[in-house]
1. With respect to the numbered conditions (1) more than 16 Å from Phe35 (Cβ to Cβ); (2) at pLDDT 95 or above, which one is the sole condition not fulfilled by Ser110?
2. Name the single residue that is nearest to Leu38 (Cα to Cα) among those in segment 124-154 being without any contact (Cβ under 8 Å) to a residue 12 or more places away in the chain and small (Gly, Ala, Ser).
3. Which residues, counting only those in segment 216-228, are part of a helix (DSSP H, G or I) and more than 18 Å from Ala205 (Cα to Cα)?
4. Confirm whether Phe119 is over 14 Å from Ser153 (Cβ atoms), in contact with a helix residue (DSSP H, G or I) (Cβ under 8 Å, 6 or more places away or on another chain), of a type in the set (A, V, I, L, M, F, W, C) and touching a residue at least 12 places away in the same chain (Cβ under 8 Å).
5. Can you pull out every residue in segment 229-240 that is assigned to a loop (DSSP other than H, G, I, E, B) and exposed (fewer than 14 other Cβ atoms within 10 Å of the Cβ)?
6. Tell me, yes or no, whether segment 241-256 has at least one residue that is part of a strand (DSSP E or B), at negative phi and either surrounded by 14 or more Cβ atoms within 10 Å (Cβ to Cβ) or basic (Lys, Arg) (or both).
7. I want to confirm something. Restricting to segment 108-156 and keeping residues that are more than 18 Å from the chain's Cα centre (by Cα) and of a type in the set (D, E, K, R), which single residue is nearest to Leu82 (Cα to Cα)?
8. Could you identify the single residue in Gly90, Gly68 that is surrounded by fewer than 17 Cβ atoms within 10 Å (Cβ to Cβ) and within 24 Å of Ala129 (Cα to Cα)?
Amino acid sequence: MTEQRINIMEPEVAAAKPAGAEKPQVVYATVTERFVALLIDYGVVFIPAQLIAALVIKLLGPSLELGGLIAILAGINGAFILYETILSSGDRVTLGKSLVGIAVVKKDLSGPLSIPQAFVRAVGYYISAALFMCGFLVAFFDDRHRALQDFLSGSVVVQIREKSWVERTVVRFLGGVLLAAFAWTAYSQFFGGGSLIQKYYVDQARKHLVKIALLEEAHYTRYGRYTNDLLRLSLLSGDPVQFQRDTQKVLSPKGFKIGVNGERYKLSAVARDEKKTTVYYAPGE
């Protein structure tokens, strides 16, 4: 018997069949298919959004406050939630799911999701990720491959068309490669370089050390020596009050040191990031 797939574009077909007619066999999307589709959808939204965000950050430079960075990140993630909400409700399918041949429907297979259900499902992605990706791992143990976002929204993902052997092989291979890349990225985020906000704090701390180094050079030019007195350097900034505020905003009060050794000096400080990263600056290094 040839397998049939659910067609969410024509939900009334099943009801029109006479009683006793054979029901179409439901084939649920595999974890690999779902992951490949999600990564495609992620790229559709996040790649152009992050390019735009990087351009904005570069243009604003030091004038960009933390609140501005948070607003940029919120805008990017809001765009993804909107994309998923609109294209996962009604008779619509996201680009990634369309390419893979799967779609989101209600858990009882009665039809497509409503806008509120699709919104809850989109937000559920972030809840799944916040639980150290455990929300996605649920799909490996559920008989219908439902992840946490599916349980929250009352949804299930089904196949909507048959695939050739070649297409199934490509999806599985691509899924394996993307899953490995995703796992490495997640590891780097949690245990490596950190998130965009993490890098922002460290970058701001390093830039401030460069400003202090310029004041050291100005002090040397005026007095013929370097100093380890931050207050003296702040007076050379022209606005010592603002300089102190900037210092407190990007550097931890503990850990700041100026080491002076004759004609050389070295700066070290602790950034205000979550990991309390130590940053350094020394001329010529």
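The values are calculated or read from the model by the stated rules, or taken from the named source; none is laboratory data. All of these numbers come straight from a predicted model, not from anything done at the bench. Methodologically, a virtual Cβ is constructed for each residue, glycine included, from the backbone with ideal geometry; neighbour enumeration extends over all protein chains shown.
1. Failing condition for Ser110: (2).
2. Per the criteria, the residue is Ala129.
3. Glu217, Ala218, His219, Tyr220, Thr221, Arg222, Tyr223
4. no
5. Asp229, Gly238, Asp239, listed by residue number.
6. Yes.
7. Asp150
8. Going through Gly90, Gly68 in turn, just one is surrounded by fewer than 17 Cβ atoms within 10 Å (Cβ to Cβ) and within 24 Å of Ala129 (Cα to Cα): Gly68.
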